[in-house]
Amino acid sequence: MRNKLALRQPYPVISESEAIWARAQGLIPAGTQTLAKGPQQYVKGVAPKYLQRGQGARVWDVDGNEYLDMNMAIGPLVLGYADRAVDDAIRRQLDDGITFSLMHPLEVDLAEMLREMIPNAESVRFTKTGAEATSAAVRVARAFTRRSKVVCCGYHGWHDWYIGVTDRAAGIPDAVKELTYTFGYNDLESLEDALDDDVACVILEPMTFEFPKDGFLEQVRELTERAGALLIFDEMWTGFRVALGGAQEHFAVTPDLATYSKAIANGMPIAALTGRKDVMRVLEKDVFLFSTFGGEALSLAAAAQTLRELRSRKVPQHLAQIGQSIREGYNHIAGELGIDGWTACVGHPARTLVTFDAKAGDPLLLKSLLQQEMLRHGVLWSGTNTISAAHGVREAAHLLAAYAESLEVVRHAVEAGSVRDLLRGDPVEPVFRRTGNFNVRPRIRA
Ligand SMILES: Cc1ncc(COP(=O)(O)O)c(C=O)c1O
């Protein structure tokens, strides 16, 4: 029996997923290469673990069950799976070659496209992953300012300078940890407390799920200028989603440097560092940023085509429209069920978050039960609505119907005090990546 993208089905059969997972035990530490794709984020024994195939907004797991995907590969698939235009561009490039012994002209083509789209992109460099791009940005800022400290807000990748402020900091020397501090989003005072004359840069996600309040981004811009530190926007999530030029275009605040990845190439691994020409000049000789796959052409071709599609199909506008119908639809359902006092859908429509208040019970258990029930209605969900151009009116309608059915179960369970009992496996674990309360290592001013 295989589930379809339909309402009111049995829980999916996931025996093939479990068999593959068993083979990974003792072989692949942590089991997964991407934390957010790992089984820690799903109800054990109920949710599938491995996906085989995708088309548009739909995916099929290794047991053949079909789902509406609300994660879209944790961000990259902004056009949807197997997008014809992008996949054709990749195939054409594949016929010519994947990677070469000299530079490829697409490096220049793509840099020119980004310069046209992104306000601060006077200069552009490419890396393969988001963490590489943010780390390059930090090194450039340190070289340019000749200062050492980093002040950050948000998640920025697995490298030492950032992970050192989290509780997963094993293997990072104290000397490195001591150079990074944090501040709170929409909390200027916490930023002021963290700034001194050795701060090279302030790096933040310009928006996660909370909107900037009272000119917050403008004031961050002003404070960094006054402190002689560079401002870096980490636009992994906002890039190409809230606007083609990212948050810096949407909120009209221009950072000195910015980093992009995820949606840039509809699934191919590439990231970009953009910035002021005078700052980026340190990359000419002083700062070393080179790697074997830096100019790999399949990803460059995919990125160039993705950017063309994003523009011609007006994808940011589509995400805003569909995303808003999802956000409002969820909150309407919650209101009708009388549970809007403890659950809500929040954030920019391009990517929204479902929240649970602790007054209704352990938010992780509530999220787990909602996830478990969504699986019965053909939806693969783990807390956010990460949508794509392939999520149209029909997909939004199915999603909302699945929410209506599932939230009814959650409401009854809350009222009956039976949330844990209804879970058919261990609940989801906390997300490592915070969605708020970013100030984990503030500096206490002497
Ligand atoms: C805001 C932000 N910055 C940086 C990164 C790191 O990117 P990557 O996982 O491609 O190294 C991520 C990844 O999720 C991210 O969300």
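The values are calculated or read from the model by the stated rules, or taken from the named source; none is laboratory data. Model, not experiment: these values are computed from the prediction. Methodologically, a virtual Cβ is constructed for each residue, glycine included, from the backbone with ideal geometry; neighbour enumeration extends over all protein chains shown. Surface accessibility is based on the protein's heavy atoms, side chains included, excluding ligands, DNA and RNA. Shrake-Rupley method; radii C 1.70, N 1.55, O 1.52, S 1.80 Å.
The sole residue among Ala302, Ala271 that is modelled with pLDDT of 95 or more, more than 14 Å from the ligand (Cβ to nearest atom), more than 12 Å from Val140 (Cα to Cα) and out of contact with any Leu (no Cβ under 9 Å at 6 or more places or on another chain) is Ala302.
Working only within region 115-130, note down all residues that are touching a Leu at 6+ places or on another chain (Cβ under 6 Å) and more than 16 Å from the ligand (Cβ to nearest atom).
Met117, Ala121, Val124 - these are the residues of region 115-130 that are touching a Leu at 6+ places or on another chain (Cβ under 6 Å) and more than 16 Å from the ligand (Cβ to nearest atom).
With respect to the conditions (1) among the aliphatic types (A, V, I, L, M); (2) within 14 Å of the ligand (Cβ to nearest atom); (3) open to solvent by 10 Å² or more (accessible area, probe 1.4 Å), Ile264 lacks only one, and its number is (3). Given the conditions (1) within 26 Å of Ile74 (Cα to Cα); (2) open to solvent by less than 60 Å² (accessible area, probe 1.4 Å); (3) within 15 Å of the ligand (Cβ to nearest atom), and given that Tyr155 satisfies all but one, which numbered condition is not satisfied? Failing condition for Tyr155: (2).
Note on region 187-219: residues that are open to solvent by 10 Å² or more (accessible area, probe 1.4 Å) and of a type in the set (Val, Ile, Thr) total 1. Scanning region 326-344 for residues that are in contact with a helix residue (DSSP H, G or I) (Cβ under 7 Å, 6 or more places away or on another chain), among the small types (Gly, Ala, Ser) and not in a helix (DSSP H, G or I) yields one hit, Ala344.
Looking across region 203-246, the residues that are under 15 Å from Ala263 (Cα atoms), within 16 Å of the ligand (Cβ to nearest atom) and touching a helix residue (DSSP H, G or I) at 6+ places or on another chain (Cβ under 8 Å) come down to Asp234, Glu235, Met236, Trp237, Thr238, Gly239, Phe240, Arg241, Val242.
The requirement of being at pLDDT 95 or above, on the phi < 0 side of the Ramachandran plot and open to solvent by 50 Å² or more (accessible area, probe 1.4 Å) is satisfied by Asp278.
Each row is one residue, and each column tells you yes or no for (1) within 16 Å of the ligand (Cβ to nearest atom); (2) open to solvent by less than 20 Å² (accessible area, probe 1.4 Å); (3) in a loop (DSSP other than H, G, I, E, B); (4) touching a Ser or Thr at 6+ places or on another chain (Cβ under 9 Å).
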| site | (1), (2), (3), (4) |
| --- | --- |
| His391 | no, yes, yes, no |
| Arg394 | no, no, no, no |
| Leu399 | no, yes, no, no |
| Tyr403 | no, yes, no, no |
| Glu408 | no, no, no, no |
| Val414 | no, no, no, no |
| Pro427 | no, no, yes, yes |
| Arg434 | yes, no, yes, yes |
| Arg441 | no, no, yes, yes |
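Being assigned to a loop (DSSP other than H, G, I, E, B), modelled with pLDDT of 95 or more, surrounded by fewer than 17 Cβ atoms within 10 Å (Cβ to Cβ) and of a type in the set (Gly, Ala, Ser) is a description that does not apply to Ala19.
For Ala304, the conditions (1) of a type in the set (A, V, I, L, M, F, W, C); (2) open to solvent by 10 Å² or more (accessible area, probe 1.4 Å); (3) not in a loop (DSSP other than H, G, I, E, B) are fulfilled apart from (2).
The set of residues from region 91-135 being of a type in the set (Phe, Trp, Tyr) and surrounded by fewer than 20 Cβ atoms within 10 Å (Cβ to Cβ) comprises just one member, Phe100.
Out of Ala137, Ala141, Ala133, which single residue is part of a helix (DSSP H, G or I), in contact (Cβ under 8 Å) with a residue 12 or more places away in the chain and away from the ligand (no atom under 12 Å from the Cβ)? Within the list Ala137, Ala141, Ala133, the selection yields Ala141.
Can you find even one residue in region 221-233 that is more than 21 Å from the chain's Cα centre (by Cα) and more than 17 Å from Arg147 (Cβ to Cβ)? Yes, that holds for at least one residue.
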